[in-house]
1. Run down GLY56, GLY44, GLY17, GLY34 and say which single residue is surrounded by fewer than 20 Cβ atoms within 10 Å (Cβ to Cβ), of a type in the set (Gly, Ala, Ser) and in contact with a helix residue (DSSP H, G or I) (Cβ under 8 Å, 6 or more places away or on another chain).
2. Got a sec? Which of LEU173, LEU136, LEU165, LEU127 is within 26 Å of LEU4 (Cα to Cα) and not hydroxyl-bearing (Ser, Thr, Tyr)?
3. Just wondering, is there one or more residues in region 138-159 that are under 15 Å from the mean Cα position of the chain (by Cα), assigned to a loop (DSSP other than H, G, I, E, B) and of a type outside the set (Ser, Thr, Tyr)?
4. If a residue has to be of a type in the set (A, V, I, L, M) and in contact (Cβ under 8 Å) with a residue 60 or more places away in the chain to count, how many in region 159-182 make the cut?
5. I'd like to verify a number: residues in region 62-71 that are outside any strand (DSSP E or B) and in contact with a strand residue (DSSP E or B) (Cβ under 7 Å, 6 or more places away or on another chain), how many?
6. Is it the case that LEU50 is surrounded by 20 or more Cβ atoms within 10 Å (Cβ to Cβ), modelled with pLDDT of 95 or more and either within 20 Å of LEU165 (Cα to Cα) or of a type outside the set (Asp, Glu) (or both)?
7. Please enumerate the residues belonging to region 168-222 that are hydroxyl-bearing (Ser, Thr, Tyr) and either in a loop (DSSP other than H, G, I, E, B) or within 15 Å of the chain's Cα centre (by Cα) (or both).
Amino acid sequence: MSKLIELQNVTKVYRSGSTELRALDKVSLTVEAGEFVAVQGPSGSGKTTLLLIVGGLLAPDEGSVSVDGQSPYEMTPEARAGFRSNTIGFVFQQFHLIPYLTVRENVLAAALATGRPDAKERTDKLLQQFGMTHRLHHVPGQLSTGERQRTAFARALLNEPKILLADEPTGNLDRQNADTVLGYLAQFAQEGGAVLLVTHDERAAAKADRVVRLEDGRVVPS
């Protein structure tokens with residue numbers, strides 16, 4: 001299997017005046033195509049920092065980052081943004097849907113950076129797959145929590161990414177909707193993608209192929 005995510009001795013330090021917080025301390029991690037990996041740990045252990053670094057949103061202070069065989073932090077900001085749009089899908093706890101756009105428009109927004117010629121057709125296919133065809137013209141405020149997450153998931157998949165990064169995606173969902181989202185993540189991995197899930201939810205972590213535990217910015221035995 002190919003390595004879609006590979007971190008080697010990654011360190012990230014946040015500084016405020018004379019105060020330093022070592023969010024990640026020489027973290028190494030590999031996620032292969034077809035693998036579903038969960039990251040767990042207490043608040044402040046570095047989980048979200050890890051996800052942001054993998055996602056090309058936060059440069060590490062030390063170490064190397066390889067995503068789909070490329071080094072995003074060796075790219076120009078413009079090239080990195082394009083690479084991120086084509087390679088990585090993000091699923092968040094808070095959904096980050098644009099409140100004044102309809103469901104269909106929110107999903108289509110993911111194509112703005114890539115210019116996919118088939119964006120409209122793929123949007124409609126995804127929304128049908130996720131049971132959202134009856135909500136195409138509704139705005140997020142008119143949706144249930146589960147419908148908002150399904151819309152966000154469709155948006156994450158629009159550009160056919162190889163990697164999904166999920167930050168507490170079940171945190172605002174009831175058990176049924178959480179199981180639905182976890183099923184989507186597992187299916188994405190089964191079809192050859194790589195999933196990196198940050199979660200406090202033991203039930204969510206149990207769906208993963210492997211659990212990585214962070215404490216004080218370091219990987220520790222699970």
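1. Just a single option satisfies the conditions, and that option is GLY34.
2. On the way: LEU173 fails: within 26 Å of LEU4 (Cα to Cα); LEU136 fails: within 26 Å of LEU4 (Cα to Cα); LEU127 fails: within 26 Å of LEU4 (Cα to Cα).
Every option except LEU165 fails the conditions.
3. Looking through region 138-159, at least one residue is under 15 Å from the mean Cα position of the chain (by Cα), assigned to a loop (DSSP other than H, G, I, E, B) and of a type outside the set (Ser, Thr, Tyr).
4. Residues in region 159-182 being of a type in the set (A, V, I, L, M) and in contact (Cβ under 8 Å) with a residue 60 or more places away in the chain: 5 in total.
5. 2
6. yes
7. Here is the first cut: in region 168-222, the ones hydroxyl-bearing (Ser, Thr, Tyr) are 170, 180, 184, 199, 222.
Of everything in region 168-222, those that are hydroxyl-bearing (Ser, Thr, Tyr) and either in a loop (DSSP other than H, G, I, E, B) or within 15 Å of the chain's Cα centre (by Cα) (or both) turn out to be THR170, TYR184, THR199, SER222.
Table: residues versus (1) within 28 Å of ALA206 (Cβ to Cβ); (2) touching a residue at least 40 places away in the same chain (Cβ under 8 Å); (3) not in a strand (DSSP E or B).
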| site | (1), (2), (3) |
| --- | --- |
| THR11 | no, yes, no |
| LEU21 | no, no, no |
| VAL39 | yes, yes, no |
| ILE53 | yes, yes, yes |
| PRO60 | no, yes, yes |
| TYR73 | no, no, yes |
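The values are calculated or read from the model by the stated rules, or taken from the named source; none is laboratory data. Keep in mind it's a predicted model, so treat the numbers as computed, not measured. Cβ sites come from the backbone with ideal geometry, for glycine too, and all protein chains shown count toward neighbours.
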